[in-house]
Structures are given as C-alpha cells and as structure tokens.
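Colleague: Dumping the structure here so I can ask a few things about it.
The values are calculated or read from the model by the stated rules, or taken from the named source; none is laboratory data. Keep in mind the model is a prediction, meaning the values are calculated, not measured. Glycine gets a Cβ as well: all are built from the backbone with ideal geometry, and neighbour counts include every protein chain shown. Keep in mind that these areas ignore ligands, DNA and RNA; they rest on the heavy atoms of the full protein, side chains included. Shrake-Rupley method; radii C 1.70, N 1.55, O 1.52, S 1.80 Å.
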Amino acid sequence: RSLKRNLSHSPNANNYNFVIHKLKEFDKEKLVGLYNMFDSIAVEKKLNKIQFADMVISFVQDYNYSLILPEECNPQLYSDNFIQSYLSKGNAVCVPNEPFGLMTPMEVLVTSNADCDSRTLLIYTILSNYGYDLIVLSSEIYGHSLIAINLPYNGRNYYLFENQKFALVETTVRSSPPAYISNEIANMNNWYISLKSK
C-alpha cells in the first residue's frame, strides 16, 4: 500500500507499464509460500508445463470479481461505460480508493479482491517466477487486461509477437480456457504490451 502511495507521487505515476512492473518486482519475492504450495501440487500430480500453467490460471480465475477503483465506488465519478454499468448493479463488489485502481499480487492473495489487471499481474508474477514466456496486454478501448502465454494451446485466439503465438487468457471468467476470448475484445489492433517476461 505504501509502495502504491509512493508511486502515485513519482514522475512516472501516469505510466501504467512502469507502475505494474514496479508492483510485480516489489511482490515477487513475497510469494514464496504460494510458490511452495504450487511446487508441492506439481510434484504430487506430476504436472507438465501446460498443466502447471493451467493450475495457476484456474487458481486466479476462481477469485470472485471485485472492481478496484482509484476513487469512491460512485458511478458518476467515472466516464468508463463498463464501470458505470457495473456499479449500477445491486450486487456490484467494489474496492474504493486504491492507487492506480490496482491490487498488487500480495493484496489479491490477502484480500481475495481482484479485477482484470490485478489478476493478470498476479498470474504474470507467478508464472514468470517459473520462467514462462508471458505478455500482459492492455486495452484502453476495451478497458480490459489479458495475459498471453507462449504455450501450444489448441484454440483460436492468439497474440503474435516476433513470430511467436501467445495464447490469450481471459482471467475474469471461471474455467475460461487459454486461447479463447470473447469476440467483443478480439481485435488485436486494440491491444498493447504492458509487460513482457523474456
């Protein structure tokens, strides 16, 4: 929390890519207990590289959706259509006053609150610890974040980068398989790279 507050006063506070890189770097060494849990499951179940990635992805997809916002949970404060629509629902879950509208990987684990970019950052932090080739993709047009992983999944939705196919993963839908995303967000011209692991 104090790191996020300090970053909000830095000259790079408006640079989203800089901010999520700093948050990942700050938390990556703090997840040793989580890494140990995944390691023990992987050994017990004899998981290969794809199965291990699937375990981590489904672990994060299983969190209930919470909208993380930099201001109060008032739809009138935001111009984004998704935020306005979501907050107008009676069952909306919102965490207000979080710098950058983000939970760090450790905050997600401790509070169980996560929206799309908090989830992609958590998956990125975990799987990059294991040497996976990953990309965090962001879209201002869609107001969304995805993780892309360089593994040979069977599917239809990939992000091409330097002649490599990265399977796109929707993190906010339980059991959503890698390489399948909604057609509504599938135009890759509307996405940019925020983080790259290798």
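Colleague: Just to be sure, is Tyr65 of a type in the set (Phe, Trp, Tyr) and in contact (Cβ under 8 Å) with a residue 60 or more places away in the chain?
Modeller: Yes.
Colleague: To continue, here is another question. Would you mind finding the one in Tyr192, Tyr180, Tyr124 that is of a type in the set (Phe, Trp, Tyr), open to solvent by less than 40 Å² (accessible area, probe 1.4 Å), touching a residue at least 24 places away in the same chain (Cβ under 8 Å) and over 18 Å from Tyr65 (Cβ atoms)?
Modeller: Tyr124
Colleague: While we're looking at this one, here's another question. Give the stretch 132-168 a look and list any residue that's open to solvent by 20 Å² or more (accessible area, probe 1.4 Å) and either within 17 Å of the chain's Cα centre (by Cα) or closer than 30 Å to Ser85 by Cβ (or both), or say none.
Modeller: Asp133, Glu140, Ile141, Tyr142, Gly143, His144, Asn150, Gly155, Arg156, Tyr158, Tyr159
Colleague: Let me ask something else. What strands (runs of 3 or more DSSP E), lying completely within the stretch 124-198, carry at least 1 residues that are among the β-branched types (Val, Ile, Thr) and farther than 19 Å from Met55 by Cβ?
Modeller: Here the list reads 134-139, 192-196.
Conditions (1) under 26 Å from His144 (Cβ atoms); (2) in contact with a helix residue (DSSP H, G or I) (Cβ under 8 Å, 6 or more places away or on another chain); (3) buried (at least 17 other Cβ atoms within 10 Å of the Cβ); (4) modelled with pLDDT of 95 or more, marked per residue:
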{"site": "Arg1", "(1), (2), (3), (4)": "yes, yes, no, no"}
{"site": "Arg5", "(1), (2), (3), (4)": "yes, yes, no, no"}
{"site": "Ser8", "(1), (2), (3), (4)": "yes, yes, no, no"}
{"site": "Ala13", "(1), (2), (3), (4)": "yes, yes, no, no"}
{"site": "Ile20", "(1), (2), (3), (4)": "yes, yes, yes, yes"}
{"site": "Leu23", "(1), (2), (3), (4)": "yes, yes, yes, yes"}
{"site": "Leu34", "(1), (2), (3), (4)": "yes, yes, yes, yes"}
{"site": "Ile41", "(1), (2), (3), (4)": "no, yes, no, yes"}
{"site": "Lys45", "(1), (2), (3), (4)": "no, yes, no, yes"}
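Colleague: Just a yes or no: is a residue in the stretch 50-62 outside any helix (DSSP H, G or I) and either surrounded by fewer than 18 Cβ atoms within 10 Å (Cβ to Cβ) or polar (S, T, N, Q) (or both)?
Modeller: Scanning the stretch 50-62, I find at least one residue that is outside any helix (DSSP H, G or I) and either surrounded by fewer than 18 Cβ atoms within 10 Å (Cβ to Cβ) or polar (S, T, N, Q) (or both), so the answer is yes.
Colleague: List the residue pairs whose Cβ atoms are under 8 Å apart, where the first residue sits in the stretch 1-16 and is within 19 Å of Pro96 (Cα to Cα), the second is part of a loop (DSSP other than H, G, I, E, B), and the two are 6 or more positions apart or on different chains.
Modeller: Cβ pairs passing all conditions: Leu3/Thr104; Lys4/Glu98; Lys4/Leu102; Lys4/Thr104; Leu7/Ala13.
Colleague: Restricting the search to the stretch 100-123, which residues are under 15 Å from Asp27 (Cα atoms) and part of a loop (DSSP other than H, G, I, E, B)?
Modeller: Hits for the stretch 100-123 are Leu102, Met103, Thr104.
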